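J.: What follows is a single structure, and I will ask about it in a moment.
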Amino acid sequence: MTPARSIHRVAVYCGSADGIDPAYRTEAAALGSAVARAGLGLVYGGANVGLMGAVADAALAAGGEVIGVLPEVLSGREIAHTGLTRLETVATMHERKARMVHLADAFLILPGGYGTLDELLEIVTWSQLRLHAKPCILINTLGYWDGLLQFLDSAVAAGFLKAENRALLLVASNAPAAIELLAAG
């Protein structure tokens, strides 16, 4: 399926580790391929390691445009992906997030740790505040995000999160389902 016309690039937030189960890396590669096959550009954190490297390599292998945004604090750690369409270096993590938001028309979130969770919560919060109206889609590989989704539902039940704002975070079971959600507009 071809995504809605207003979506040209997607930002992918994900881990700089592979995780223990090989299915995480497999899903990251499937997402990179699916993004490129859908004619979309990929924006991501600029690293060549973990799920980040897998999603970028797969998008590149499928002929996609891949833009990495790497903060200076990480550029000296030899993790910068040197084979990208474009690698941008920014001064801070805050600038990285702002630049990725500027470049992307939608946000896809794979498993990851603190950094991924930070990016996910910030981008959904910005949507709640109406700072953007771009889709935010969580890819729940192997049920990785089930605990977070249960927490969000309990936040609604406790009156700390409005149901309509909970609905801003869409959930897909895998890469093809995420691309389908984008196409649905």
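J.: When you check Thr125 against the structure, is it of a type in the set (Ser, Thr, Tyr), assigned to a helix (DSSP H, G or I) and buried (at least 20 other Cβ atoms within 10 Å of the Cβ), yes or no?
T.: Details: of a type in the set (Ser, Thr, Tyr): yes; assigned to a helix (DSSP H, G or I): yes; buried (at least 20 other Cβ atoms within 10 Å of the Cβ): no.
Answer is no for this residue.
J.: With the requirement that a residue be on the phi > 0 side of the Ramachandran plot and assigned to a loop (DSSP other than H, G, I, E, B), what does the stretch 15-66 give you?
T.: Gly19, Gly39, Gly46, Gly63
J.: Could you give me the residue pairs with C-beta distances under 7 Å whose first residue belongs to the stretch 142-161 and is among the β-branched types (Val, Ile, Thr), whose second residue is in a helix (DSSP H, G or I) and surrounded by 11 or more Cβ atoms within 10 Å (Cβ to Cβ) wherever it lies, and which are 6+ apart or on separate chains?
T.: These pairs meet every condition: Val156/Arg166.
J.: Related question: Taking Lys162 as meeting all but one of (1) surrounded by 11 or more Cβ atoms within 10 Å (Cβ to Cβ); (2) basic (Lys, Arg); (3) within 20 Å of Phe107 (Cα to Cα), write down the number of the exception.
T.: Looking at each condition in turn, Lys162 falls short on (3).
J.: As an exercise: evaluate Ala11 against (1) aliphatic (A, V, I, L, M); (2) within 23 Å of His132 (Cα to Cα); (3) surrounded by fewer than 24 Cβ atoms within 10 Å (Cβ to Cβ) and give the number of the one condition it does not meet.
T.: For Ala11, the exception is condition (3).
J.: Which pairs do you get when a residue that is farther than 21 Å from Val69 by Cβ, found in the stretch 16-40, comes within reach of a residue that is polar (S, T, N, Q), reach meaning Cβ atoms under 6 angstrom, with the pair 6+ apart or on two chains?
T.: Close Cβ pairs (under 6 Å, with a partner that is polar (S, T, N, Q)) amount to Tyr24/Thr141; Glu27/Thr141.
J.: State all residues of the stretch 150-185 that are touching a helix residue (DSSP H, G or I) at 6+ places or on another chain (Cβ under 6 Å), hydrophobic (A, V, I, L, M, F, W, C) and within 22 Å of Glu122 (Cβ to Cβ); if no residue qualifies, say none.
T.: Answer for the stretch 150-185, where residues must be touching a helix residue (DSSP H, G or I) at 6+ places or on another chain (Cβ under 6 Å), hydrophobic (A, V, I, L, M, F, W, C) and within 22 Å of Glu122 (Cβ to Cβ): Leu152, Val156, Leu161, Ala163, Leu168, Leu169, Leu170, Ala172.
J.: A follow-up question, please. Could you grab me the full set of residues in the stretch 140-185 that are assigned to a helix (DSSP H, G or I) and under 17 Å from Ile7 (Cα atoms)?
T.: Looking only at the stretch 140-185, we keep the residues that are assigned to a helix (DSSP H, G or I), and these are 141-143, 146-157, 163-166, 175-184.
Selection gives Ala175, Pro176, Ala177, Ala178, Ile179, Glu180, Leu181, Leu182, Ala183, Ala184.
J.: Taking the criterion of being closer than 16 Å to Ser16 by Cα and of a type in the set (D, E, K, R), would at least one residue in the stretch 107-130 satisfy it? Don't jump to the end; show me each part of the working.
T.: Filtering the stretch 107-130 for residues closer than 16 Å to Ser16 by Cα gives 108-120.
Retained after the next criterion (residues that are of a type in the set (D, E, K, R)): 118-119.
Yes, there is a match, as at least one residue in the stretch 107-130 is closer than 16 Å to Ser16 by Cα and of a type in the set (D, E, K, R).
J.: Ok, one more. Any chance you could count how many residues in the stretch 1-55 are under 14 Å from Thr141 (Cβ atoms) and either modelled with pLDDT under 95 or within 11 Å of the chain's Cα centre (by Cα) (or both)? Lay out the reasoning, then the answer.
T.: First pass over the stretch 1-55, keeping only residues under 14 Å from Thr141 (Cβ atoms): 12-15, 17-32, 34, 50-51, 54-55.
Remaining after also requiring either modelled with pLDDT under 95 or within 11 Å of the chain's Cα centre (by Cα) (or both): 12-15, 28, 31-32, 51, 55.
The total comes to 9.
J.: Turning to a different aspect of this structure: Could you count how many residues in the stretch 56-83 are surrounded by fewer than 21 Cβ atoms within 10 Å (Cβ to Cβ) and at pLDDT 95 or above? Show your work before the answer.
T.: Taking the stretch 56-83 as the starting set, the residues that turn out to be surrounded by fewer than 21 Cβ atoms within 10 Å (Cβ to Cβ) are 57, 60-63, 65, 71-83.
Retained after the next criterion (residues that are at pLDDT 95 or above): 57, 60-63, 65.
Within the stretch 56-83, residues that are surrounded by fewer than 21 Cβ atoms within 10 Å (Cβ to Cβ) and at pLDDT 95 or above number 6.
J.: Then there is this: Any residue at all in the stretch 106-121 that is touching a residue at least 24 places away in the same chain (Cβ under 8 Å), more than 12 Å from the chain's Cα centre (by Cα) and buried (at least 17 other Cβ atoms within 10 Å of the Cβ)?
T.: Checking the stretch 106-121: not a single residue is touching a residue at least 24 places away in the same chain (Cβ under 8 Å), more than 12 Å from the chain's Cα centre (by Cα) and buried (at least 17 other Cβ atoms within 10 Å of the Cβ).
The values are calculated or read from the model by the stated rules, or taken from the named source; none is laboratory data. On a predicted model such as this, the values are computed, not experimentally measured, just so you know. Because the Cβ atoms are built from the backbone with ideal geometry, glycine has one as well, and the counts that use them run over all protein chains shown.
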